[in-house]
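Below is one structure, written out as structure tokens, with a few remarks after it.
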Amino acid sequence: MSEGVEWALHSCVNLAWSGPDRAVSAARLAAWHDLPAAYLNKQLQALARAGIVTSTPGPRGGFRLARPLDAISLMDVVAAVEGAEEAFRCTEIRQQGPGAGAPAGYTADCAIAHAMTRAELAWRRALAAQNLDEIRQQAERQAPEAPERLRAWLAAR
């Protein structure tokens, strides 16, 4: 999974903390964590295409959450940034090289592909079961001052 997923998740929580009436630019969101703005903007655009955030153009534009954090799962963000394709793709190497058997011997799914598919389904279910409001709550328990620090920093520009 790319670092863009982490950046997108933090950006969603930061947008929630900034408040629903404030659009925050990609550059400002990036500056909060000292990230490259152009790369973060790509992640935010992916979130916008997925309907997780909205984008308003112009000098006073920026990004806002499109729906409440409790309606955004971690899987929503991962799929928006990484795409919905499976993480593991079996290329059937068991059928190649000197170890390959007769084609008729490959009627069952590859045991490795089967195990990886089960693991990925469990991973996707776990991500789908957790929403960003749960993440926000945990972040606020760990750093209760974080939302106000962010709002003050955004207001000071």
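The values are calculated or read from the model by the stated rules, or taken from the named source; none is laboratory data. Just so we're clear, the structure is a prediction, and the values are computed from it rather than from any experiment. Virtual Cβ from ideal backbone geometry, glycine too; neighbours counted across all protein chains shown. Side chains are part of the model used for accessible areas, which takes the heavy atoms of the whole protein and leaves out ligands, DNA and RNA. Shrake-Rupley method; radii C 1.70, N 1.55, O 1.52, S 1.80 Å.
Centre-to-centre, using Cα atoms only, segment 133-157 and segment 1-33 are separated by 11 Å. Sites listed here are trypsin sites (Lys or Arg not before Pro) in segment 53-94 whose DSSP assignment is loop and whose Cβ has at most 11 other Cβ atoms within 10 Å: ARG60, ARG89.
With the cut-off at under 20 Å, measuring from each backbone N in segment 48-87 to a point 7 Å along the Cα-to-Cβ line of MET1 picks out 48-53, 69-87. For the chain, the mean residue ellipticity at 222 nm estimated from helices alone is -16500 deg cm²/dmol, where every DSSP H run of n ≥ 4 contributes -39500 (n - 2.57) and the total is divided by all residues, rounded to the nearest 500. Take every Cα pair under 8 Å whose residues are at least 6 apart in sequence, average their separation, divide by the length of the chain, and the relative contact order is 28 percent. Overall size of the chain from C-alpha positions, given as principal axis extents largest first: 70, 32, 24 Å. Distance distribution note for segment 84-147: the fraction of Cα pairs above 12 angstrom is 77%.
Computed from the C-beta positions of GLU134 and ARG89 and an R0 of 35 Å, the FRET efficiency is 0.70 to the nearest 0.05. For segment 14-120, the fraction of 1.4 Å probe accessible surface lying on carbon and sulfur atoms is 56 percent. Taking every protein chain into account, the accessible area of the chain amounts to 60 square angstrom per residue (probe 1.4 Å).
Considering only GluC sites (Glu not before Pro) in DSSP loops that have at most 16 other Cβ atoms within 10 Å, the longest stretch of the chain without any of them is 1-84.
Spin-label pair ARG49-ARG157: with each label point 7 Å from Cα along the Cα-Cβ axis, the two points sit 2.4 nm from one another.
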